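For reference, the structure discussed in these notes is given below.
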Amino acid sequence: MKSRFIDNEIIYTGKQLAPSWIYKNYWMQGDAIVAFTGECDLKIEDMVDIEDYLNNTPIYSKNMLSFIIEHYNIGLVEGVVRQRLFMCIVSEVIKSYLPKDHSIMRKGDDLFYNGGKLSVSICTRSISSVLMHIGVNIDASGAPVKAAGLTSEMGLTNIKQIAEDIMNKYIIECESIIGASTKVRGVY
């Protein structure tokens, strides 16, 4: 699995959650993960989450750390399991940068800090792959819900290092899962 932190800012609009977007834009073929920062401005008409669409809940963040993940040859249920694993890793990595008295709570595929929503997360299926977008607020000002941010509420500024730690840990877990599945003998 390949990974890359994209240094230039990108406004996340939902258009990036498309098959082969990573390959078309960054020449990374196959399973891949990219991270970037920038505004998140997701309009209702571009929503993949039907519940958010029906509730007319747009998503906005002044500055967000976004991850786009694409996996081939897996089903949607496995994709959702990997999404939850990814959220556990995000929580684990962020906690490692915070003093011990700070806590992050995970509820399903969302993270919360001091009662504020820290993340957005979606997993969907395309015609050729499973796609995920995970966004972690950096500056939560202007969000339509009570939100928290890595910099605005937590005081973290080393966003690129945090993103790279998250991507590296996720790749190690994915490779370990495949390795674990190939080292056992079948039973009859």
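Taking the stretch 52-65, which residues are without any contact (Cβ under 8 Å) to a residue 24 or more places away in the chain and not in a helix (DSSP H, G or I)?
Across the stretch 52-65, the qualifying residues are Asn55, Asn56.
Among the residues of the stretch 138-164, which ones are more than 28 Å from Asp31 (Cα to Cα), surrounded by fewer than 22 Cβ atoms within 10 Å (Cβ to Cβ) and of a type outside the set (A, V, I, L, M, F, W, C)?
Within the stretch 138-164, Asp139, Ser141, Gly142, Pro144, Lys146, Thr151, Ser152, Glu153, Gly155, Thr157 qualify.
Give the residues of the stretch 71-112 that are within 18 Å of Val130 (Cα to Cα) and under 11 Å from the mean Cα position of the chain (by Cα), sorted by residue number.
Within the stretch 71-112, Arg82, Gln83, Arg84, Leu85, Phe86, Met87, Asp109 meet the criteria.
Could you grab me the full set of residues in the stretch 1-35 that are outside any loop (DSSP other than H, G, I, E, B) and charged (D, E, K, R)?
Lys2, Arg4, Lys24
Filtering the stretch 43-65 down to residues that are closer than 15 Å to Thr13 by Cβ and aliphatic (A, V, I, L, M), which residue is least open to solvent (accessible area, probe 1.4 Å)?
That would be Met64.
The values are calculated or read from the model by the stated rules, or taken from the named source; none is laboratory data. Please read all numbers here as calculations on a predicted model, not as lab measurements. Ideal geometry is used to build each Cβ from the backbone, glycine not excepted, and the neighbour counts take in all protein chains shown. For accessibility, only protein heavy atoms count, side chains too; no ligands or nucleic acids. Shrake-Rupley method; radii C 1.70, N 1.55, O 1.52, S 1.80 Å.
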